[in-house]
Amino acid sequence: MLPSFKNKFVVDIGAGIGLVILRFTTEFAKKARKVVSTDFVASFIEKNRERNVAFNNIEWRVGDAVKLDFEEGSIDIVFTNWLLMYLVDEEVVQFLINAIKWLRPGGYLHLRESCSEPSSKKSNNSLHSISDSINPTKYRLSSAYIQLLKSINFKSKDGTVWGFKIHWASSVNVYIQKNANWRQVHWLVSKVPKKEKFMPNLGTMLGEKWPEEQKEWDNKLDLALNENQNVCK
């Protein structure tokens, strides 16, 4: 569940065409003070604009999510839905650093990603079988994202070090019910003060070290889910 966005400044990144069922610009605009709706596909933003023309509190931007520019400490909620899976590892790290910078203290970041496999169970593509040459989309382990959210930090102009507090991490129930797929995962984190700590090459950690360390655990979850399905049959 998202925090209240009534009278808040919300940035919807990767907003798409703004469908109420799948996209969220419209719902934010009903209550938020200001909404910035962004996507790198110009035609998507134009369609989003057409769909939401009745609102006077939306600003539309076309651009790369990693290159967006907002004032430090100005945003209440940064919302993404299927964004990081389209970024390379170093871009994911940079985007999250930017998000910490943009958020006001206590502000929230929502992430939702396909982890380890696409949203459709019918596809054979997965982190464990597909090569980048076939599909550049990154179906990362959910546990690797959690490691990254815990590790990343940003030092503001006044010397304060900020990081993320994870409020919840959850699979999306509808994908479990319809596709037996627990890998559609979303997280809610907030910007909090943290002690400064050494950050290794987080791009390498995200893309190589953490997946290798945690793939065994991911496979155990798969096995447990399959066993549970067999028992229920």
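The values are calculated or read from the model by the stated rules, or taken from the named source; none is laboratory data. It should be emphasised that the depicted structure is a prediction, and the values quoted were computed from it without experimental measurement. Note: ideal-geometry Cβ built from the backbone for every residue, glycine included; neighbour counts use all protein chains shown.
Structural remarks
- Residues being at pLDDT below 95 and of a type in the set (S, T, N, Q) - total across region 41-79: 3
- Conditions (1) surrounded by fewer than 14 Cβ atoms within 10 Å (Cβ to Cβ); (2) outside any helix (DSSP H, G or I); (3) of a type in the set (Phe, Trp, Tyr): number failed by Trp217: (2)
- Residue, nearest to the chain's Cα centre (by Cα), within region 42-84, restricted to residues that are of a type in the set (Val, Ile, Thr) and within 23 Å of His186 (Cα to Cα): Thr80
- Any hit, region 16-36, residues being at pLDDT 95 or above, under 15 Å from the mean Cα position of the chain (by Cα) and β-branched (Val, Ile, Thr): no
- In this structure, Glu227 qualifies as of a type in the set (Asp, Glu), loosely packed, with under 14 Cβ neighbours inside 10 Å, at pLDDT below 95 and farther than 18 Å from Glu113 by Cα.
- Region 37-67 - residue that is under 22 Å from Arg104 (Cα atoms) and out of contact with any Phe, Trp or Tyr (no Cβ under 8 Å at 6 or more places or on another chain) and, of those, surrounded by the most Cβ atoms within 10 Å (Cβ to Cβ): Ile58
- Failed condition for Glu71, given (1) touching a helix residue (DSSP H, G or I) at 6+ places or on another chain (Cβ under 8 Å); (2) touching a residue at least 60 places away in the same chain (Cβ under 8 Å): (2)
- Ser126 vs. criteria more than 15 Å from the chain's Cα centre (by Cα) and at pLDDT below 65: yes
- Among the residues of region 90-112, those identified as surrounded by fewer than 20 Cβ atoms within 10 Å (Cβ to Cβ) and in contact with a helix residue (DSSP H, G or I) (Cβ under 6 Å, 6 or more places away or on another chain) are Glu90, Glu91, Gln94.
- Pairs with Cβ under 8 Å, 6+ apart, first in region 1-16 and without any contact (Cβ under 8 Å) to a residue 40 or more places away in the chain and assigned to a strand (DSSP E or B), second hydrophobic (A, V, I, L, M, F, W, C) and surrounded by 14 or more Cβ atoms within 10 Å (Cβ to Cβ): none
- Among the residues listed as Val185, Val189, Val174, Val161, the single one being of a type in the set (A, V, I, L, M, F, W, C) and loosely packed, with under 14 Cβ neighbours inside 10 Å: Val174
- Residue match in region 91-102 (condition: over 29 Å from Asn179 (Cβ atoms), at pLDDT 95 or above, assigned to a loop (DSSP other than H, G, I, E, B) and among the aromatic types (Phe, Trp, Tyr)): no
- Among the residues making up region 139-175, those that are within 17 Å of the chain's Cα centre (by Cα), of a type outside the set (Lys, Arg) and assigned to a strand (DSSP E or B) are Asn153, Gly163, Phe164, Ile166, His167, Trp168, Ala169, Ser170, Ser171.
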